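Colleague: Before I ask anything, let me first share the structure, which is written out below as structure tokens.
The values are calculated or read from the model by the stated rules, or taken from the named source; none is laboratory data. Quick caveat, the model's predicted, so the values are computed rather than measured. We place every Cβ from the backbone using ideal geometry, glycine too, and count neighbours over all the protein chains shown.
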Amino acid sequence: MRIVHAKMSLCLIFLGLGTATSAQAPLDLPVSFAIQADSASYSDLADLIVISPLIIDVTVRNVKKLTVEQSVGVPTSMERVLVEADVMALIRGEGGFAPRVRFLLDVPKNAKGKIPKLKKQRVFLFGRQVQGRLGEIQLSRPNAVALFSAANDTLVRNITSEAVQLGAPRRITGITSAFHSAGTVLGEGETQIFLKTDNDQPLSLTVLSRPGQQKQWAVSTAEVIDASATAPERFTLLWYRLACGLPRSLPSERVEAASNQDTARAQADYKFVIDALGPCGRKR
């Protein structure tokens, strides 16, 4: 199965195909290989959801080790396997789908050279259907797998619901410009920062400072800055795009300022936003 990246129009389908089957205890796998069942990072899941036109919940039926010739390029610490799985639910996708799917997976070996027992394990797959091959899945990344849990199920569905909306927040590619305007009294001012996204979606930050009041910031997704805009809630797609996509500091060359003091204020306000967003939270 070769890696293919293709654009396709998407629709969202939440379709349960049955109740959960009896499964083995959750696997103890490296975070780098699979997103864990009990400690998933919002951002790790979002990383996979926003690039995957197909998201399915499956239970592993069979696992077949591939030959050395079929595993060219796989590190010696990993084993390439062909996995056959039963579809429990289609979370994101379009068109028809098969009730049983197959996909390639590189699984880490333990100290004895053995791989974990994947059979009967329930996992989420993030990828795309191979064109012209119903039931064959190409994972978005070699490790585009998350172990199933009720918490992960809720997270995956919530993030996917946001990701498929028209006007969903897009990937930030840089900062186009920024400027700071001092107010009429000491300590008053406003900083505006304009961002660039991969589809030129309007996105800007505003930071307001007033004497005797706590500094406030907001994000606007409209061409004209919305006076009613607020800061995004934590663990939403807009928060994820900002927390994981913004550079850690505001380059001085992006600040349109009449003085060094204005540049310093703009950079301080930008740092305030970064601190308010908190860490991105990726674990891999």
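Colleague: When region 225-245 is examined, which residues are found to be modelled with pLDDT of 95 or more, farther than 13 Å from residue 276 by Cα and of a type in the set (D, E, K, R)?
Modeller: 241
Colleague: Same structure again: Give me the residue from region 146-171 that is in contact with a Ser or Thr (Cβ under 8 Å, 6 or more places away or on another chain), surrounded by fewer than 20 Cβ atoms within 10 Å (Cβ to Cβ) and modelled with pLDDT of 95 or more and, out of that set, farthest from residue 201 (Cα to Cα). Spell out how you get there, then give the answer.
Modeller: Our first condition is that a residue be in contact with a Ser or Thr (Cβ under 8 Å, 6 or more places away or on another chain); within region 146-171, this holds for 162, 167, 169-171.
Those left that are additionally surrounded by fewer than 20 Cβ atoms within 10 Å (Cβ to Cβ): 162, 167, 170-171.
Still in the running and modelled with pLDDT of 95 or more: 162, 170-171.
Values: 162: 16, 170: 7, 171: 9 Å.
Residue satisfying both the conditions and the ranking: 162.
Colleague: Identify all residues within region 246-284 that are in a loop (DSSP other than H, G, I, E, B) and under 20 Å from the mean Cα position of the chain (by Cα); write none if there are none. Lay out the reasoning, then the answer.
Modeller: We begin by selecting, within region 246-284, every residue in a loop (DSSP other than H, G, I, E, B); these are 246-251, 256-259, 278-284.
Once the filter is applied, which keeps residues that are in a loop (DSSP other than H, G, I, E, B) and under 20 Å from the mean Cα position of the chain (by Cα), region 246-284 yields 246, 247, 248, 278, 279, 280, 281, 282, 283, 284.
Each row is one residue, and each column tells you yes or no for (1) farther than 30 Å from residue 199 by Cα; (2) of a type in the set (S, T, N, Q); (3) surrounded by fewer than 19 Cβ atoms within 10 Å (Cβ to Cβ).
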| position | (1), (2), (3) |
| --- | --- |
| 46 | no, no, no |
| 85 | yes, no, no |
| 96 | no, no, yes |
| 103 | yes, no, no |
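Colleague: For region 186-240, give me every one of the strands (runs of 3 or more DSSP E) that falls completely inside it and has 2 or more residues that are under 19 Å from the mean Cα position of the chain (by Cα) and among the aromatic types (Phe, Trp, Tyr). Write out each step before concluding.
Modeller: Values: elements: 189-197, 204-209, 216-220.
Hits in region 186-240: none.
Colleague: Next question. Among 98, 85, 111, which is the only one that is among the small types (Gly, Ala, Ser) and assigned to a strand (DSSP E or B)? I'd like the intermediate steps shown before the answer.
Modeller: Details: 98 fails: assigned to a strand (DSSP E or B); 111 fails: assigned to a strand (DSSP E or B).
None of the other options fit; the residue is 85.
Colleague: Which one of the conditions (1) buried (at least 16 other Cβ atoms within 10 Å of the Cβ); (2) more than 23 Å from the chain's Cα centre (by Cα); (3) within 26 Å of residue 47 (Cα to Cα) does residue 129 fail to meet, given that it meets all the rest?
Modeller: All conditions are met except number (2).
Colleague: For region 45-74, which positions are assigned to a strand (DSSP E or B) and within 27 Å of the chain's Cα centre (by Cα)?
Modeller: First, the residues of region 45-74 that are assigned to a strand (DSSP E or B): 54-65.
Of everything in region 45-74, those that are assigned to a strand (DSSP E or B) and within 27 Å of the chain's Cα centre (by Cα) turn out to be 54, 55, 56, 57, 58, 59, 60.
Colleague: Additional query: Taking the stated definitions as given, is residue 193 aliphatic (A, V, I, L, M), crowded, with 19+ Cβ neighbours inside 10 Å and not assigned by TED's automatic domain parsing to the domain that holds residue 158? Show your work before the answer.
Modeller: Details: aliphatic (A, V, I, L, M): yes; crowded, with 19+ Cβ neighbours inside 10 Å: yes; not assigned by TED's automatic domain parsing to the domain that holds residue 158: yes.
Yes: the conditions hold for residue 193.
Colleague: Could you list, in sequence order, all residues of region 114-126 that are assigned to a loop (DSSP other than H, G, I, E, B) and aliphatic (A, V, I, L, M)? Explain how you work it out, then say what you get.
Modeller: Let us first name the residues in region 114-126 that are assigned to a loop (DSSP other than H, G, I, E, B), namely 114-121.
Hits for region 114-126 are 115, 118.
Colleague: Suppose the filter is in contact with a Leu (Cβ under 7 Å, 6 or more places away or on another chain) and of a type in the set (Ser, Thr, Tyr); does residue 230 pass it? Let's see the steps before the verdict.
Modeller: Numbers: in contact with a Leu (Cβ under 7 Å, 6 or more places away or on another chain): no; of a type in the set (Ser, Thr, Tyr): yes.
So residue 230 does not fit the description; no.
Colleague: Might you let me know whether region 65-74 holds any residue that is hydroxyl-bearing (Ser, Thr, Tyr), surrounded by fewer than 16 Cβ atoms within 10 Å (Cβ to Cβ) and not assigned by TED's automatic domain parsing to the domain that holds residue 239?
Modeller: To start, the set of residues in region 65-74 that are hydroxyl-bearing (Ser, Thr, Tyr) comprises 67, 71.
With surrounded by fewer than 16 Cβ atoms within 10 Å (Cβ to Cβ) added as a condition, the list becomes 67.
Now drop any that are not not assigned by TED's automatic domain parsing to the domain that holds residue 239, which leaves 67.
Yes, the conditions are met somewhere in region 65-74.
Colleague: Would you pick out the residues in region 123-173 that are among the basic types (Lys, Arg) and either without any contact (Cβ under 8 Å) to a residue 24 or more places away in the chain or more than 18 Å from residue 240 (Cα to Cα) (or both)? Spell out how you get there, then give the answer.
Modeller: Step one: of region 123-173, the residues among the basic types (Lys, Arg) are 128, 133, 141, 157, 170-171.
The answer is 128, 133, 141.
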